[in-house]
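Have a look at the structure below, then the notes.
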Amino acid sequence: MEDCSLPHDSLFLGFDSSTQSLKATVLDSNLNLVTSEIVHFDSQLPHYGTKDGVYRDASENGRIVSPTLMWVEALELVLQKLSKSKLDFGKIAAISGSGQQHGSVYWKSGSSAILSSLDPSKPLVDQLGDAFSTKESPIWMDSSTTEQCREIEKAVGGALELSRLTGSRAHERYTGPQIRKIFLKLPEIYNQTERISLVSSFMASLLIGSYACIDETDGAGMNLMDIKQRAWSKIALEATAPSLEEKLGKLAPAHAVAGFIAPYFVERFHFNKNCLIVQWSGDNPNSLAGLTLNTPGDLAISLGTSDTVFGITSNPQPRLEGHVFPNPVDTEGYMVMLCYKNGSLTREDVRNRFAKESWEVFNEFLEKTPPLNGGKIGFYYKDHEILPPLPVGFHRYVLQGFTGENLDRINECEVEEFDPSSEVRAVIEGQFLSMRGHAERFGMPSPPKRIIATGGASANHSILKSIASIFGCDVYTVQRPDSASLGAALRAAHGWLCNKTGKFVPISCLYKDKLEKTSLSCKLAVTAGDKPLVSKYGLLMKKRMEIEKHLVQKLGRA
Ligand code: 5FX
């Protein structure tokens with residue numbers, strides 16, 4: 001039997017560098033929450049002038065970036081906040097983190113020297129101002145690389161072939177197409193770049209004071225890695241840009257140690273010099289860890305800036321839709337995922353337009369409208385959607401005579417608007433019917449054994465009720481909705497343990513038989529909807545998928 005205990009009195013720190021904020025969560029050796037902090041980019045770092053953490057470039061269709069230095073400054077600020085909260089940095093045994101997936105950072109030639117000689121008397125941001133060959137990092141919301149996606153797919157033998165090889169067909173937000181765009185359109189930036197990091201490996205690099213590897217899980221979000229070999233794919237690299245492998249560095253498993261914390265942080269914040277930095281990974285993989293998802297029939301739904309649906313499998317079948325990544329806490333398994341760009345910002349937009357900018361009114365509308373919404377179906381895309389690939393726009397249909405019994409002679413009629421309460425139900429039902437439809441098509445369990453909901457909107461009971469009715473299973477929630485930073489803190493402990501043991505140890509070893517006593521426990525929030533309603537929703541879903549297909553044929557990208 002492995003000794004899975006963590007040293008008494010030690011602490012584990014997890015970050016989440018997400019689209020709109022940087023969060024930090026600290027767990028103790030019993031995996032209980034000690035403290036947490038957050039820096040909101042728009043309000044707490046207003047000098048960068050971001051809206052929702054990003055710049056939406058008006059001059060180039062679909063280009064969405066974030067200022068790289070803002071993430072650097074946020075790291076220093078969140079550490080200052082933790083220090084003010086009297087956190088004893090000296091007790092932190094290991095740190096890991098989560099980054100928004102796909103986003104990339106371009107380190108200028110010579111920056112490795114800057115990174116390894118940071119002066120602890122000065123803020124990071126004053127020393128790294130000149131370290132990047134472009135100051136703006138493309139992020140996951142960007143949709144400006146359709147051309148590069150098609151070129152890469154063609155070069156490797158088609159979209160399905162690329163998906164079988166790398167776990168996904170080419171997607172605009174994926175790092176490979178983003179790198180190719182920079183190489184083709186801004187070659188001087190590409191040529192000046194000595195290292196390309198993901199948001200996750202970028203933040204880890206700051207903490208170790210040298211370039212951190214890209215972890216194999218987040219690396220699968222680039223269209224560059226062979227998911228079976230967990231190694232860079234030569235053919236995908238060649239299809240993307242020249243001399244790319246040397247700019248990417250090596251891959252490492254998510255549980256590996258990236259290095260010791262840099263002297264900069266030891267001197268400035270009084271970390272212990274033996275504090276380990278465990279590889280950072282993507283936000284969705286970290287959530288998977290934080291939700292302790294380890295049963296193939298379980299589905300997680302994360303309701304944040306993006307909405308994602310994910311689960312685990314040992315036998316992935318990559319298709320044109322959805323994504324396959326290595327499981328970040330298992331050396332052999334995989335995680336499967338769907339991703340929607342229109343998540344919380346779109347729910348908020350509908351709330352602002354139709355529910356008097358109030359969540360109370362929004363929930364009241366949701367509760368007072370009947371399930372199935374009288375056959376009213378809505379597609380709400382405030383941003384260019386990923387799944388399905390559709391441009392900005394709202395589309396509304398009424399299924400005349402629909403009662404949920406059958407679809408015979410049911411025709412849809414496009415309308416301009418619904419009454420305000422039906423708009424609210426239509427956005428919520430629309431989002432979850434789409435998830436159910438695409439999850440089934442992707443081969444995810446149907447119905448799932450259970451759903452674990454996380455992210456900001458998982459605190460909304462009215463929304464959870466709709467999920468239970470549409471999917472037909474119990475819905476659980478976690479104590480804390482920021483499962484990505486919690487998962488990162490747990491992974492810090494896991495990496496520490498693997499390092500101590502000298503080999504990979506299953507993560508469940510850390511919480512086996514005591515999950516209920518930790519901050520990772522989840523609780524039943526809503527029981528499954530009744531069966532007849534679930535099958536009526538099945539029909540509505542079928543109709544919705546048909547309409548969606550027509551919309552894609554009419555308006556979508558290839
Ligand atoms: C996943 O593929 C995504 O693009 C998003 O969920 C980002 O990770 C959000 F940060």
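The values are calculated or read from the model by the stated rules, or taken from the named source; none is laboratory data. This is a predicted model, so every value here is computed, not measured. Using ideal geometry, Cβ is built from the backbone for each residue, glycine included, and neighbour counts are taken over all protein chains shown. Keep in mind that these areas ignore ligands, DNA and RNA; they rest on the heavy atoms of the full protein, side chains included. Shrake-Rupley method; radii C 1.70, N 1.55, O 1.52, S 1.80 Å.
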request  = Considering each of GLY129, GLY103, GLY110, GLY99 in turn, give the residue that is in the same structural domain as TYR55 (by TED's automatic domain parsing) and at positive phi.
outcome  = GLY110
task = Kindly list the number of the only condition in (1) on the phi > 0 side of the Ramachandran plot; (2) within 16 Å of the ligand (Cβ to nearest atom); (3) open to solvent by 50 Å² or more (accessible area, probe 1.4 Å) that fails for GLY53.
result = (3)
request  = Considering (1) at pLDDT 95 or above; (2) assigned to a loop (DSSP other than H, G, I, E, B); (3) surrounded by fewer than 19 Cβ atoms within 10 Å (Cβ to Cβ), say which one THR35 fails and leave the rest.
outcome  = (2)
ask   = If only one of LEU244, LEU293, LEU303 is more than 27 Å from LYS503 (Cβ to Cβ) and surrounded by fewer than 23 Cβ atoms within 10 Å (Cβ to Cβ), which one is it?
value = LEU244
remark   = Note: among GLU367, GLU360, just one is touching a residue at least 12 places away in the same chain (Cβ under 8 Å) and acidic (Asp, Glu), namely GLU367
request  = Please note which helices (runs of 4 or more DSSP H) are completely contained in segment 100-206 and include at least 2 residues that are more than 26 Å from ASN61 (Cβ to Cβ) and open to solvent by less than 10 Å² (accessible area, probe 1.4 Å).
outcome  = 111-116
key: Residue identified as within 12 Å of the ligand (Cβ to nearest atom) and within 26 Å of GLN80 (Cβ to Cβ) among SER281, SER344   = SER281
task = Residue by residue through segment 12-32, note down the ones that are at negative phi and either part of a loop (DSSP other than H, G, I, E, B) or open to solvent by 20 Å² or more (accessible area, probe 1.4 Å) (or both).
result = SER18, THR19, GLN20, LYS23, ASP28, SER29, ASN30, ASN32
query = Picking from SER117, SER104, which residue would you name as being more than 24 Å from LEU490 (Cβ to Cβ) and within 16 Å of the ligand (Cβ to nearest atom)?
reply = SER104
note = Residue set LEU207, LEU244; condition more than 18 Å from the chain's Cα centre (by Cα), in the same structural domain as THR145 (by TED's automatic domain parsing) and farther than 28 Å from LEU87 by Cβ; output residue LEU244
task = Need at least 3 residues that are open to solvent by less than 20 Å² (accessible area, probe 1.4 Å) and of a type outside the set (Gly, Ala, Ser) per element, so show me which strands (runs of 3 or more DSSP E) inside segment 388-480 make the cut, counting only ones lying wholly within it.
result = 450-454, 474-478
remark   = Considering segment 134-147, residues that are touching a residue at least 60 places away in the same chain (Cβ under 8 Å) and not hydroxyl-bearing (Ser, Thr, Tyr), and then whichever is nearest to the ligand (Cβ to nearest atom), we arrive at TRP140
